[in-house]
Amino acid sequence: MALNRIVILGGGFAGVQCAKTLSKVLSRNENEIVIFNEQNHMVFSPLLAEVASAAIKTKDVGASLRQLLTGVKVRCESVMNIDFEDKFIEYESYDLSRKKMQYDHLVIALGNTSNFAIVPGMDQHAYALKSIGDALRLQSHVISQMEKAEVCDDPVQKRLFLTFTVIGGGFSGVEIAGELNDFVKESSRFFETIDKSMIQVNLVHSHTQILPEVSPSLREFAREKMEKQGIRFHLNKKATKATSHGIWIDDKDFLACGTIVCTIGTTPLPLVKRLPLEKQWGRIVTEADMSLKGIDSVWAIGDCAAVPNEVTGTISPPVGQFAERQGKQVALNIKRALNGESTKAFSYKTMGHLCAIGGMSAVAELGNLRISGFPAWFLWRTVYLMKLPSPAQKIKVGIEWAC
């Protein structure tokens, strides 16, 4: 008897959770689960800022897909095309030849990628924070800047080396600004000619307040706390051009710096762009149950999909907790479809928001509960420690943080 083949494209939060759930709820004697991801690991992206600041090791935020997904076939090949009519995908094999794989059900969970093209010069002069490689490159660059500053005789150039600018005041921007500030200032004690007063971290945000997802009181706490730590905010201002020596703000003010970290701007992956599907803000529009309208046995989840949330009546935000829940629910819908049962609409009420702001401080909003300062930071670390995908990572990161 031929096996039902479920093919999942993407090894992020959504794709991995979908594969995990399918492997638990489907019989391996009747079904085959295949996941395509160009890297053989899943990146726990919420902790990339801690990798960039050397707070934890690189390997502790990347979990091997083969270890995570027992009973799932992992393919580290690039998917080039999808034929919805004949139900197959085309991928580039190890020998660079183009091959096909038939599917019975297909889950598109490809996520998105950075889009620096929205600001001229950003792609040449800014650092992203989307992958482990990005975090390592930023870490290496920051250390190099400090080494240059240590031996620099020109005070203006020295300050340039020690000035860091983060673009974007969302969770990623705020967390990397706080981590960079802690990392560089704590490291300065190992350098003879660098004083903490020489170090400057800037955060540029186009809105009047940072962290739009949390309540106004927590936003204000985060801003005031970070300002006390020395971080300088440029709110309601837009980065309009990046250069090797800094950024232009609103095309009139120049902010000199030696390092630019950009956390704004995302774009769909090329494959998603090419697909002849209805899209909203570049994301694939789905039905309430995450299936695609008019296309048999194809589903879309995660950051690449515009999934309606039955709880709010709006499109789900592109964040990890929604991606994970979509992965689980779409797996259960696939099981229902295979059994000839009715599928269910995606429905999820957010658990809350957590954001570290540096200086062993954070803000947390869990339902009506709002926490800030050290208790929120301890909660932030506890929650993310528990969310790490493998037991080995939990133990290693727990020990590193404890030390």
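Yes/no per residue for (1) in contact with a helix residue (DSSP H, G or I) (Cβ under 8 Å, 6 or more places away or on another chain); (2) closer than 30 Å to N4 by Cα:
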{"site": "I334", "(1), (2)": "yes, yes"}
{"site": "N339", "(1), (2)": "no, yes"}
{"site": "T350", "(1), (2)": "yes, no"}
{"site": "H353", "(1), (2)": "yes, no"}
{"site": "A356", "(1), (2)": "yes, no"}
{"site": "N368", "(1), (2)": "no, no"}
{"site": "T382", "(1), (2)": "no, no"}
Worksheet item: Is it fair to say K20 is of a type in the set (K, R), within 30 Å of Q102 (Cβ to Cβ) and surrounded by 15 or more Cβ atoms within 10 Å (Cβ to Cβ)?
Response: yes
Item to complete: Could you tell me whether any residue of region 26-48 is in contact (Cβ under 8 Å) with a residue 24 or more places away in the chain, more than 22 Å from M290 (Cβ to Cβ), surrounded by 17 or more Cβ atoms within 10 Å (Cβ to Cβ) and of a type in the set (D, E, K, R)?
Response: no
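Assess whether Y127 counts as being without any contact (Cβ under 8 Å) to a residue 24 or more places away in the chain, farther than 26 Å from K328 by Cα and of a type in the set (F, W, Y).
In short, no.
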Worksheet item: Which ones in region 102-144 are among the hydroxyl-bearing types (S, T, Y) and within 20 Å of I264 (Cβ to Cβ)?
Response: T113, S114, Y127, S131
Worksheet, complete the sentence: Of the residues in region 270-285, those that are part of a helix (DSSP H, G or I) and exposed (fewer than 15 other Cβ atoms within 10 Å of the Cβ) come to P270, K273, R274
Discussion item. Please return the ranges of strands (runs of 3 or more DSSP E) entirely within region 54-150 where 2 or more residues are among the charged types (D, E, K, R) and either open to solvent by less than 40 Å² (accessible area, probe 1.4 Å) or out of contact with any helix residue (DSSP H, G or I) (no Cβ under 9 Å at 6 or more places or on another chain) (or both).
Written reply: 73-75, 88-92, 98-102
Worksheet item: Looking at region 253-295, which of its residues are modelled with pLDDT of 95 or more and of a type in the set (S, T, Y)?
Response: T259, T286, S291
Discussion item. Quick test of your reading of the structure: I371 fulfils all but one of (1) aliphatic (A, V, I, L, M); (2) without any contact (Cβ under 8 Å) to a residue 60 or more places away in the chain; (3) under 26 Å from C18 (Cβ atoms). Name the failing condition by number.
Written reply: (3)
Discussion item. Taking the criterion of being assigned to a loop (DSSP other than H, G, I, E, B), under 29 Å from S144 (Cα atoms) and open to solvent by 10 Å² or more (accessible area, probe 1.4 Å), would at least one residue in region 205-223 satisfy it?
Written reply: no
Discussion item. I need every pair where a residue in region 95-111 that is in contact (Cβ under 8 Å) with a residue 40 or more places away in the chain has its Cβ under 8 Å from the Cβ of a residue that is part of a loop (DSSP other than H, G, I, E, B) and among the β-branched types (V, I, T), sequence separation at least 6 or different chains.
Written reply: V107/I301; I108/I301; A109/I301
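The values are calculated or read from the model by the stated rules, or taken from the named source; none is laboratory data. None of the values given here were measured: they were computed from a predicted structure. Ideal geometry is used to build each Cβ from the backbone, glycine not excepted, and the neighbour counts take in all protein chains shown. Calculation scope for accessible area: heavy atoms of the full protein, side chains included, ligands and nucleic acids excluded. Shrake-Rupley method; radii C 1.70, N 1.55, O 1.52, S 1.80 Å.
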